[in-house]
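The values are calculated or read from the model by the stated rules, or taken from the named source; none is laboratory data. These figures come from a predicted structure and were not determined experimentally. Cβ coordinates were reconstructed from backbone atoms using ideal geometry, including for glycine residues, and neighbour counts include every protein chain displayed.
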Amino acid sequence: NIRTRLFKNNGPCSFYQFRCQNDKCVERGDFCNGRNDCGDNSDERNCRTSSCRNGKGIICGNAYYNSNCIPEEWECDGVKDCTDGRDERRCEDRFESGVYPYQIIRAKFLATNWILNGRNNASHIQKWGVNIPRTAVACHFSESSILNKSKNYNDELAYELSISLLSKFALRNMEDIKTSELATFVNSFLALCMNPRKFYMVDLIGQLRKRVDADKVANPYAILALCNAQDFITLNDIEKLLAAFHKANTEHRTDTQAIIIMALACASAQPDSSFNREELPDYTLEIKKKQYRNGTVENIKTTALVLQALFASEPEPDDDNFDEEKAIKQILRSQEKDGSFGGLMNTYYVLPVLSMSSLVNISRKHCPELIEDENEGLERLKIQVGEKWNIIYSIWIGDDKVLRRSLTLSVPANTSFYGIMKYAAGVDDKYKFEYNVRSRKPYIFALSGIMDDPEMETFWHPYYLFSNSSQPSLISKSPADVIPKNNEHMLFWYRKVD
């Protein structure tokens with residue numbers, strides 16, 4: 001069974017670790033270092049020897065009784081564990097002969113590193129790029145031992161995901177956000193253990209359900225997201241999915257068919273489901289027929305989606321109708337030197353395959369406790385009535401602007417700068433502020449956790465930032481007395497003023 005051979009025996013250790021006999025994981029560098037790092041001495045038993053016990057392993061060097069025997073899965077994995085590099089010689093023939101578990105582990109490790117290397121440490125916003133939802137889901141399926149080394153990663157992703165969606169709410173009405181886009185946010189919320197039913201007083205699942213019910217044709221990805229969120233998939237949903245499957249078949253859209261199969265597989269697992277799981281083979285057979293001789297189905301993205309659909313719908317591989325090993329081999333061959341599979345989208349679809357998983361496996365089940373992201377102060381950011389103006393609000397810190405943040409908000413027309421600041425503080429904690437009242441009007445003395453510093457003569461000052469000028473224009477009034485116009489850029493700058 002290819003699935004058992006490749007995925008079931010990987011064990012608890014990551015790519016750069018040695019698995020002790022007691023199932024403890026130690027770093028590769030600790031293997032044969034003269035210390036009992038495992039606790040049971042299994043990391044030192046095959047060291048300084050002339051041969052490998054029971055013939056299992058790769059002997060490094062020719063020195064009699066002075067060579068190390070490394071685990072056989074370390075051979076041809078891209079890492080030189082023998083000092084002379086003999087464990088990485090003549091590897092092309094071995095790769096041609098089949099797929100091995102270590103290749104899966106290595107590919108997953110490199111893909112995870114690629115995602116992490118894309119994180120912009122120097123940036124204070126959008127550290128993870130513009131496609132936060134897909135990045136969050138990709139991280140959910142990536143090498144957990146790497147991500148767990150920094151607990152801040154999930155917090156950062158959750159924070160940026162919230163800001164991304166809130167910015168869309170501020171800029172557009174709910175109905176202007178596309179259904180597929182909303183579904184992507186629901187799945188990413190589930191992956192990060194955030195609550196999509198109670199996000200700043202907006203029920204994302206309820207909103208998505210309204211869209212799905214209103215549409216005459218199925219949006220398979222939206223229905224899959226609803227199922228992942230444990231929203232019941234109705235008979236009407238099933239009928240629309242089946243109609244969409246047959247339409248996609250005539251239009252040769254295999255990737256859409258794969259997502260439909262995942263949605264049907266998810267629906268069939270629900271109590272009192274309107275779809276019988278025993279019907280799934282009739283649909284999976286259609287996508288199996290489209291495999292090329294070399295193992296791919298159209299392209300790498302579609303190949304990955306088909307494998308996900310098969311993992312989600314069939315407990316055992318169907319060797320007579322689909323060669324999973326060939327498909328996986330082609331996916332592994334497509335991995336770039338940088339660790340990606342040709343960009344975020346392909347990597348996003350491939351990573352679940354490397355865990356013998358699928359997009360159906362996004363749910364709350366992995367969450368120890370569902371995090372509710374609630375802020376009552378954002379009630380006014382719900383769907384607004386009347387004319388709205390777009391305002392850019394920025395924060396600069398230091399004369400040389402060492403830290404800059406910007407947020408675009410859609411606010412009721414004629415909202416004061418002070419009112420805009422309150423909106424922004426609700427959207428992003430970095431915009432929270434404190435003020436003194438003089439002549440019954442607010443004047444800011446602290447923003448983004450930084451207070452006016454009279455000793456250093458550094459204070460917060462409001463400005464207009466005009467597009468036709470390189471220099472901001474200082475505002476001498478209280479923010480409550482300033483009414484920005486549509487598309488104007490407002491600024492608070494922490495600096496010295498002569």
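Here are some conditions: (1) within 16 Å of Trp460 (Cα to Cα); (2) at pLDDT below 90. Ser416 meets all but one. Which one does it not meet?
Among (1) within 16 Å of Trp460 (Cα to Cα); (2) at pLDDT below 90, the lone unmet condition for Ser416 is (1).
Can you spot a residue in region 271-283 that is in a helix (DSSP H, G or I), free of Cβ contacts under 8 Å to residues at least 60 places away in the same chain and within 18 Å of Tyr221 (Cα to Cα)?
Just the residues of region 271-283 that are in a helix (DSSP H, G or I), to begin with: 277-283.
Checking the rest, the ones that are also free of Cβ contacts under 8 Å to residues at least 60 places away in the same chain come to 277-283.
Among the residues that remain, those that are also within 18 Å of Tyr221 (Cα to Cα) are: 280, 283.
Among the residues of region 271-283, at least one is in a helix (DSSP H, G or I), free of Cβ contacts under 8 Å to residues at least 60 places away in the same chain and within 18 Å of Tyr221 (Cα to Cα), which makes the answer yes.
Any residue in region 287-303 that's at negative phi: show its pairings with residues that are crowded, with 21+ Cβ neighbours inside 10 Å and assigned to a strand (DSSP E or B) at Cβ separation under 8 Å, as long as the two are six or more apart or on different chains.
Ile287/Val297; Lys290/Val297; Gln291/Val297; Thr303/Val297
Can you say whether Ser164 is at pLDDT below 90, outside any helix (DSSP H, G or I) and surrounded by fewer than 21 Cβ atoms within 10 Å (Cβ to Cβ), as far as the supplied structure shows? Show your work before the answer.
Working: at pLDDT below 90: yes; outside any helix (DSSP H, G or I): no; surrounded by fewer than 21 Cβ atoms within 10 Å (Cβ to Cβ): yes.
It is false that Ser164 is at pLDDT below 90, outside any helix (DSSP H, G or I) and surrounded by fewer than 21 Cβ atoms within 10 Å (Cβ to Cβ).
Answer yes or no as to whether Gln257 is buried (at least 18 other Cβ atoms within 10 Å of the Cβ), assigned by the TED database to the domain that holds Ala218 and among the polar types (S, T, N, Q). I'd like the intermediate steps shown before the answer.
Details: buried (at least 18 other Cβ atoms within 10 Å of the Cβ): yes; assigned by the TED database to the domain that holds Ala218: yes; among the polar types (S, T, N, Q): yes.
In short, yes.
Within the bounds of region 420-435, is there any residue that is over 28 Å from Lys198 (Cβ atoms), surrounded by 17 or more Cβ atoms within 10 Å (Cβ to Cβ) and at pLDDT 85 or above?
Scanning region 420-435 turns up at least one residue that is over 28 Å from Lys198 (Cβ atoms), surrounded by 17 or more Cβ atoms within 10 Å (Cβ to Cβ) and at pLDDT 85 or above.
On the given criteria, is Lys240 of a type outside the set (S, T, N, Q), over 19 Å from Pro352 (Cβ atoms) and not in a helix (DSSP H, G or I)?
Details: of a type outside the set (S, T, N, Q): yes; over 19 Å from Pro352 (Cβ atoms): yes; not in a helix (DSSP H, G or I): no.
It is false that Lys240 is of a type outside the set (S, T, N, Q), over 19 Å from Pro352 (Cβ atoms) and not in a helix (DSSP H, G or I).
Give me a count of the residues in region 33-90 that are of a type in the set (Lys, Arg), part of a helix (DSSP H, G or I) and not assigned by the TED database to the domain that holds Cys20.
1
Looking at Leu409 and the list (1) without any contact (Cβ under 8 Å) to a residue 40 or more places away in the chain; (2) within 22 Å of Asp176 (Cα to Cα); (3) of a type in the set (A, V, I, L, M, F, W, C), which single condition is not satisfied?
(1)
Kindly evaluate Trp460 against the criterion of being under 35 Å from the mean Cα position of the chain (by Cα) and over 24 Å from Ser162 (Cβ atoms). Spell out the reasoning first.
Details: under 35 Å from the mean Cα position of the chain (by Cα): no; over 24 Å from Ser162 (Cβ atoms): yes.
Taking the combined requirement at face value, the residue does not satisfy it.
Listed residues Asn299, Asn294, Asn276; which is surrounded by fewer than 22 Cβ atoms within 10 Å (Cβ to Cβ) and under 23 Å from the mean Cα position of the chain (by Cα)?
On the way: Asn294 fails: under 23 Å from the mean Cα position of the chain (by Cα); Asn276 fails: under 23 Å from the mean Cα position of the chain (by Cα).
Testing whether each residue is surrounded by fewer than 22 Cβ atoms within 10 Å (Cβ to Cβ) and under 23 Å from the mean Cα position of the chain (by Cα) leaves just Asn299.
How do the pairs read when you match residues in region 210-232 that are closer than 17 Å to Ala248 by Cα with residues anywhere that are part of a loop (DSSP other than H, G, I, E, B) and of a type in the set (A, V, I, L, M, F, W, C), using Cβ under 7 Å and keeping only pairs 6 or more apart or on different chains?
Final answer for the pair search is Ile223/Ile233.
Of the conditions (1) in the same structural domain as Lys108 (by the TED database); (2) exposed (fewer than 15 other Cβ atoms within 10 Å of the Cβ); (3) at pLDDT below 95; (4) out of contact with any Phe, Trp or Tyr (no Cβ under 7 Å at 6 or more places or on another chain), Asp338 fails just one. Which one is it?
Only one criterion is unmet by Asp338, namely (4).
In region 443-473, how many are acidic (Asp, Glu) and either closer than 29 Å to Asn486 by Cβ or touching a Lys or Arg at 6+ places or on another chain (Cβ under 6 Å) (or both)?
Filtering region 443-473 down to residues acidic (Asp, Glu) leaves 452-453, 455, 457.
From what is left, the residues that are either closer than 29 Å to Asn486 by Cβ or touching a Lys or Arg at 6+ places or on another chain (Cβ under 6 Å) (or both) are 457.
Of the residues in region 443-473, 1 are acidic (Asp, Glu) and either closer than 29 Å to Asn486 by Cβ or touching a Lys or Arg at 6+ places or on another chain (Cβ under 6 Å) (or both).
Please go through region 193-220 and give me each residue that is within 20 Å of Ser358 (Cα to Cα) and surrounded by fewer than 21 Cβ atoms within 10 Å (Cβ to Cβ), ordered by number.
Cys193
Can you name the residue in region 260-270 that is assigned to a helix (DSSP H, G or I) and of a type in the set (A, V, I, L, M, F, W, C) and is also surrounded by the fewest Cβ atoms within 10 Å (Cβ to Cβ) among such residues? If you could, list the steps in order and put the result at the bottom.
Of the residues in region 260-270, the ones assigned to a helix (DSSP H, G or I) are 260-268.
After this cut, where a residue has to be of a type in the set (A, V, I, L, M, F, W, C) as well, the list is 260-267.
On the way: Ile260: 28, Ile261: 29, Met262: 27, Ala263: 32, Leu264: 31, Ala265: 25, Cys266: 27, Ala267: 23.
Among those residues, the one meeting the criterion is Ala267.
Right, Gly129: in contact with a helix residue (DSSP H, G or I) (Cβ under 7 Å, 6 or more places away or on another chain), closer than 13 Å to Leu332 by Cβ, surrounded by fewer than 16 Cβ atoms within 10 Å (Cβ to Cβ) and modelled with pLDDT under 85 or not?
Values: in contact with a helix residue (DSSP H, G or I) (Cβ under 7 Å, 6 or more places away or on another chain): yes; closer than 13 Å to Leu332 by Cβ: no; surrounded by fewer than 16 Cβ atoms within 10 Å (Cβ to Cβ): yes; modelled with pLDDT under 85: yes.
Considered against the rule, which asks whether it is in contact with a helix residue (DSSP H, G or I) (Cβ under 7 Å, 6 or more places away or on another chain), closer than 13 Å to Leu332 by Cβ, surrounded by fewer than 16 Cβ atoms within 10 Å (Cβ to Cβ) and modelled with pLDDT under 85, Gly129 comes out as no.
Looking only at region 31-48, which residues are in contact (Cβ under 8 Å) with a residue 12 or more places away in the chain, surrounded by fewer than 18 Cβ atoms within 10 Å (Cβ to Cβ) and within 19 Å of Lys80 (Cα to Cα)?
Residues satisfying the conditions are Cys47, Arg48.
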